[in-house]
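Report on the following structure.
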Amino acid sequence: MKRIEIRKPDDWHLHLRDGEMLKGVLPHSAAHFARAIIMPNLVPPVVRASDAVAYRERIMAALPKGLAFEPLMTLYLTETTDPDDVAAAFHHGIATAVKLYPAGATTNSASGVRDIAKVTAMLERMAEIGMPLCVHGEVTDASIDIFDREAVFIDRVLDPLRRKIPALKIIMEHVTTSQGVDYVRSADTLLGATITTHHLIINRNAILAGGIRPHYYCLPVAKRESHRLALREAATSGDRRFFLGTDSAPHVDPLKECACGCAGVFSATNTMACLAHVFEEDNALDRLEAFASLNGPAFYGLAPNEARMTLVRRDEAVDYPEKIETGAGPVTLFNPMFPIHWEVETA
Ligand code: DOR
Ligand code: ZN
């Protein structure tokens, strides 16, 4: 048996949803993570400061007694977002960041941005006040192959945006390509990236080879193996620009297992155990803390957590459920396709 102790991690990209789903999934994240950046793609989206206040209250009301968890709220950027409202939300600690979804890029992104020029004033204001922008980095142009959409986004949208507003702090959410990794590495302190657990583990074969497996379908879609290896290298390198954002994104099974299934992998329950496996495999267990607990807060300008987490490697494989039950219905848990020997030790 092996054990490691790290500072308690944070999840810098998390979907908690609302209502019964929120109640069902929140305990899984709150059990392991001290804080999380909460994605705002509800229906309707979390656009105004008042929406974030109300959503935060619903999250806190759904939190089981005895669990400490701090939701860091984000606001969903629309072309009509009010810069004063966003700035006030940031100043009062109501919102930590703004999320840019290109309209049509992913789940509930219809109210997102079609024309980036329409949000330039908003983004300039954010640069002025030091408020970070979380970016879903994929173009939505139907003529661009889905596997190329991240790389093309960097060239067409992200790089021009960074040149136009160099003082804007940007997080490329869930990078999935070597181009994404290289681009982040080419930049200075104002560009960071989250990496999900599942993109460190699966490539596109998991979705498509030997049968179609909808529970591995997410956006950005997993790419070929060389990209997964580039992500592994970035995550396990200790480089302060890369940090954990699980993008745990629950959908009930009937919405995944159908003719046009939703994008999203739910991984909150076993994410830390899977990561310990990945870092151990790459002889980088000593850098798991940087990736999961230190680099994220440093990028956001927050202190790391004082609380600690112990991960234990059992001789026998640990049983994780195939799915969790929520009041909204069953949600399948990410299956990494290897036996998991690690688990988070509970006090
Ligand atoms: O796979 C994904 N699921 N990617 C996203 O960008 C959104 C998320 C969701 O909300 O389900
Ligand atoms: Zn997401």
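General remarks:
- Where Cα atoms sit under 14 Å apart: lysine pairs in the chain separated by 8 or more or lying on different chains: 4
- Calculated FRET efficiency, Lys65 to Arg3, Cβ-Cβ distance, R0 = 35 Å: about 0.80 to the nearest 0.05.
- Among beta bridges from DSSP that stay inside segment 2-344, the antiparallel ones total about 35%.
- Residue (of Cys260, Val184, Pro250) at the positive-pole extreme of segment 2-344, dipole from beta-carbon charges: Val184
- Protein accessible area in segment 2-344, 1.4 Å probe - carbon and sulfur %: 52 percent
- C-alpha center-to-center spacing [segment 179-233, segment 40-83] in angstrom: 27 Å
- Shape analysis of the chain places it in the rounded category; the axes a ≥ b ≥ c from the Cα gyration tensor give an a/c below 1.5.
- Residues of segment 2-344: accessible area per residue with a 1.4 Å probe, Å²: 39 Å²
- Entry note, the chain: the mean residue ellipticity at 222 nm calculated from DSSP H runs of n ≥ 4, each adding -39500 (n - 2.57), is -8500 deg cm²/dmol after division by the residues and rounding to the nearest 500.
- Efficiency of FRET from Cβ geometry, Thr120 and Val318, R₀ 45 Å, rounded to 0.05: 0.35
- Segment 1-35 and segment 240-298 have Cα centres lying 10 Å from one another.
- Rounded to the nearest 20, the Cβ-based charge dipole of the chain about its Cα centre (Lys and Arg +1, Asp and Glu -1) stands at 200 debye.
The values are calculated or read from the model by the stated rules, or taken from the named source; none is laboratory data. Treat the numbers as computed from the prediction; the structure is a model and nothing was measured. Methodologically, a virtual Cβ is constructed for each residue, glycine included, from the backbone with ideal geometry; neighbour enumeration extends over all protein chains shown. We work out accessible area using only protein heavy atoms, side chains counted, and drop any ligands, DNA or RNA first. Shrake-Rupley method; radii C 1.70, N 1.55, O 1.52, S 1.80 Å.
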